[in-house]
Amino acid sequence: GRRGAAAHDEFGGEGGDHGSIVGAEAERHQPGGDSHNLFGIKAGGRWQGAEVSARTVEVRDGTARTETAAFRAYDSEADGVHDYVRLLQQPRYAAARAAGTDVARFAEALQAAGYATDPRYAEKLTRLAAHPVIAGATSHE
């Protein structure tokens, strides 16, 4: 979709080989409508920027629960993509960065690092990245 292609284009200059994954992530997440948070990044205690509250499904102790959470809000999609790139520079995401163009390995490393609570996160992201709409939008890698 449009968001995935835009995220891929923006990420390409900064993030290297992960364009199709970034496109899939952007299609999968976006809390709060105009938050420009393409990746569902939560605000957390250290976040100093704008926030938006949105409903989200979190898996806790094996049970999916709908909760309201604070998510980061950005002035533009480009700002959201830049923040995602910064987030992935954290040491805990080193295995994801090392995955190269291997979508499944990238997604599994994100999941292992605690990026998402859904135990099927990597599987879903990998399947979404392979979807013809995402693959077509990001095929100019």
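The values are calculated or read from the model by the stated rules, or taken from the named source; none is laboratory data. Just so it is clear, the structure is predicted and the values come from calculations on it, not from any experiment. So basically every Cβ, Gly included, is an ideal-geometry build from the backbone, and we count neighbours across all protein chains shown. Just so you know, the surface numbers come from the protein's heavy atoms only, side chains and all, with ligands and any DNA or RNA stripped out. Shrake-Rupley method; radii C 1.70, N 1.55, O 1.52, S 1.80 Å.
When S53, S76, S35 are compared by accessible area at a 1.4 angstrom probe, the order from most to least is S53, S76, S35. Taking chymotrypsin sites (Phe, Trp or Tyr not before Pro) across the stretch 58-94, none is in a DSSP loop with at most 10 further Cβ atoms lying within 10 angstrom of its Cβ. Its relative contact order, with pairs defined as Cα atoms under 8 Å and 6+ residues apart, puts the stretch 41-108 at 24 percent. Per residue, the stretch 37-133 exposes 55 Å² of solvent-accessible protein surface, assessed with a 1.4 angstrom probe and all protein chains in place. Accessible surface of the stretch 42-141, 1.4 Å probe: 51 percent of it comes from carbon and sulfur atoms.
Computed with a 1.4 Å probe on the full set of protein chains, the accessible area for V57 sits at about 90 Å². Protein-only accessible surface at a 1.4 angstrom probe places the residues H82, H131 in the order H131, H82, largest first. If I ignore ligands, DNA and RNA and count only protein heavy atoms, how much of T56 is accessible to a 1.4 Å probe, in Å² to the nearest 10? Probe radius 1.4 Å; accessible area of T56 about 30 Å².
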